[in-house]
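Trainee: Please read through the structure below; I'll follow up with questions.
Every read-out reported here was derived from the displayed coordinates using simple, explicitly stated rules and does not represent laboratory data. Keep in mind that what you see is a predicted model, and the values were worked out from it rather than measured. Neighbour counts are summed over all protein chains in view; Cβ atoms, including those assigned to glycine, are modelled from backbone coordinates with ideal geometry.
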Amino acid sequence: FYIIGAGMGVMIISVDYRQLLSWNYPLYGLTLIVLLFALILGTTVGGSQRWINLGFFRLQPSEPAKLILIISLASYYYRKDNGHGFSLLDLVIPMLLTIAPAILIGLQPDLGTALMLVFIFVSMTLFVRLKKKTLITLICTGISMIPLGWNFVLKPYQKLRILTLFNPELDPRGAGYHITQSKIAVGSGLKFGKGFLKGTQGHLDFLPERHTDFAFSVWAEEWGFFGSLFFLCCYLFLLLLCLNAALSSRDKFGFLLGVGIVSLIFWQAFINLAMIMGLMPVVGMPLPLFSYGGSSLFTTIFGIAILISIRMRRFASSSI
């Protein structure tokens, strides 16, 4: 997956990122069609119907949907920007662009990825000029949606995951099992870890999803506190490089595109690590470039390739 992704990433780097302005809506429409196909005829694994079996590869279309949403939002904000600030009416289309794939993904069900689309929308919207009334309205609306989401959107098992976050003993063999086993794995690594492939929680199958959502728990158990600290420093360095690439853009489209990609990597890493340490409920969020999964890996590599394309063309003409 890394070799294939790197090869395709080189192809993306060679293309001027500004061409995405003319591709965004066709890509967005195609993404909705593929998400709908996955929901109706997709492969079901672990109770979720979110994959399309291509024979040689099992595609999870909700992963590239994150990147396509970033491209679509950046294109809209760039074209709509008049220098006077966005009103609430101006944000209707970005909201619809976000809600449509979020609903299709939430029905799979995949609440974690659906929420990630909302985080991307909020992060990118904060980097455009908003009128004060618009910002206040968005904040109040977001706060008011919390009880509505709890009562009418979340399913019973999802509510139980949130409740067990504060009290894993409430359901130690069910919703609280993942958090409990992850904490044991992370804590048992102590300062220097148990050694490569010597972790008991991961390799004796106590820890579920050890190759995907809880991959960092295995790392922490085998390499300990200092190994985990080194890992986090590498991630911070990657995020700083990505942010630098976004800030180097000479045009608003490249800047917003970069901000969206940085927010995607940041929020996925933050939620995954917080989930592993028991600070957030288990929502099924891969750790970029580390968790096993071709769709997630390709999406992250493609995003980084776009950032490199932005950085490479920082001295080119800013006219689009």
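Trainee: Nearest 500 deg cm²/dmol is fine: what mean residue ellipticity at 222 nm does the chain get from its DSSP H runs of n ≥ 4 alone, each adding -39,500 (n - 2.57), divided by its residue count?
Mentor: So the calculated ellipticity at 222 nm is -21500 deg cm²/dmol.
Trainee: Something else now. Taking Cα atoms, how many degrees apart are the long axis of helix 111-125 and the longest axis of the chain, rounded to 10 and kept between 0 and 90?
Mentor: On a 0 to 90 degree scale, this one is about 40.
Trainee: Let me ask something else about it. On C-alpha positions alone, give me the angle between the axis of helix 132-148 and the longest principal axis of the chain, in degrees, nearest 10.
Mentor: Helix 132-148 sits at roughly 30 degrees to that axis.
Trainee: When Lys and Arg each count +1 and Asp and Glu each count -1, what net charge do the other residues less than 12 Å away from H203, Cβ to Cβ, add up to?
Mentor: With Lys, Arg at +1 and Asp, Glu at -1, the net is 0.
Trainee: So if we plug the beta-carbon distance of L126 and N53 into 1/(1 + (r/R0)^6) with R0 = 30 Å, what FRET efficiency do we get, rounded to 0.05? Mind showing how you got there, number by number?
Mentor: Numbers: r = 38 Å, r/R0 = 1.27.
So, using R0 = 30 Å, E works out to roughly 0.20.
Trainee: With +1 on each Lys and Arg Cβ and -1 on each Asp and Glu Cβ, and nothing else charged, work out how big the dipole of the stretch 2-312 is about its Cα centre, in Debye to the nearest 20.
Mentor: 560 debye
Trainee: Also, I was wondering about something else. Could you calculate the contour length gain from K155 to A316, that is, 0.36 nm times the residue separation minus the distance between their Cα atoms, to one decimal place in nm?
Mentor: Values: separation 161, 0.36 × 161 = 57.96 nm, distance 4.99 nm.
Gain in length upon complete extension: 53.0 nm.
Trainee: Only Cα pairs under 8 Å and at least 6 apart count here; give the relative contact order of the chain as a rounded whole percent.
Mentor: After rounding, I find 23 percent.
Trainee: Now for a separate question. Tell me, what ³J(HN,Hα) does each residue in the stretch 53-67 have, in order and in whole Hz, if you take phi through Karplus 6.51 cos²θ - 1.76 cosθ + 1.60 with θ = phi - 60° and put x for Gly and Pro?
Mentor: 7, 9, x, 8, 7, 9, 7, 10, x, 5, 6, x, 4, 4, 5
Trainee: Next question, about the same structure. Using label points projected 7 Å from each Cα along Cα→Cβ, tell me how many nm separate I93 and N244, to one decimal.
Mentor: Reported label-point gap for I93 and N244 is 3.5 nm.
Trainee: To the nearest 10 degrees, how steep is helix 92-106 against the longest Cα principal axis of the chain, on a 0 to 90 scale?
Mentor: Result, in degrees: 30.
Trainee: Now for a different question. Please build a GNM for the chain, connecting alpha carbons under 10 Å apart, and tell me which residue among E222, E209, E63 fluctuates the most.
Mentor: Most flexible of the set in this elastic network: E209.
Trainee: To continue, here is another question. With springs connecting C-alpha atoms under 10 Å apart, model the chain as a Gaussian network and identify which of L238, L126, L247 has the largest mean-square fluctuation.
Mentor: L126
Trainee: Under 1.5 on a/c is rounded, so check that first for the stretch 1-142, then, if it is not, pick prolate when a/b is larger than b/c and oblate when it is not; a ≥ b ≥ c are the square roots of the alpha carbon gyration tensor eigenvalues. All intermediate terms of the calculation are to be shown ahead of the outcome.
Mentor: Details: a/c = 2.50, a/b = 1.43, b/c = 1.75.
The shape class here is oblate.
Trainee: Pop the C-beta distance of S188 and L229 into the FRET formula with R0 = 22 Å and round what comes out to the nearest 0.05. Numbers along the way, then the final one.
Mentor: Working: r = 17 Å, r/R0 = 0.75.
E between S188 and L229, to the nearest 0.05, is 0.85.
Trainee: While we're looking at this one, here's another question. Is the shape of the stretch 2-312 rounded, prolate or oblate, going by the alpha carbon gyration tensor and its root eigenvalues a ≥ b ≥ c, with a/c under 1.5 for rounded and a/b larger than b/c for prolate?
Mentor: Prolate, because a/c is 1.5 or more and a/b exceeds b/c.
Trainee: A further question follows. Please give, to one decimal in nm, the separation of the simple spin-label points placed at Y292 and T141, each 7 Å out from Cα toward the Cβ.
Mentor: If labels sit at Y292 and T141, their model points lie 4.2 nm apart.
Trainee: Test of understanding: what is the full-extension gain from F196 to V118, defined as 0.36 nm times their sequence separation minus their Cα-Cα distance?
Mentor: Gain in length upon complete extension: 24.3 nm.
Trainee: With springs only between Cα atoms under 10 Å apart, run a GNM on the chain and tell me which of F253, F214, F196 wobbles the most.
Mentor: Its mean-square fluctuation being the largest, the pick is F196.
Trainee: Mind checking which of I139, S48, G278 is farthest towards the positive end of the stretch 2-312's charge dipole, using Cβ charges of +1 (Lys, Arg) and -1 (Asp, Glu) about the Cα centre?
Mentor: I139
Trainee: Considering the options P208, G294, L97, tell which one lies farthest towards the positive end of the dipole of the chain, charges being +1 on Lys and Arg and -1 on Asp and Glu at the Cβ, about the Cα centre.
Mentor: Result: L97, furthest along the dipole toward the positive end.
Trainee: Here's something else I'd like to know. Given axes a ≥ b ≥ c from the Cα gyration tensor, I'd like to know whether the stretch 222-287 is rounded (a/c under 1.5), prolate (a/b larger than b/c) or oblate.
Mentor: Working: a/c = 4.45, a/b = 1.74, b/c = 2.56.
The shape class here is oblate.
Trainee: Roughly how big is the stretch 212-320's charge dipole about its Cα centre, with Cβ charges of +1 (Lys, Arg) and -1 (Asp, Glu), in debye to the nearest 20?
Mentor: Dipole about the Cα centre, nearest 20: 640 debye.
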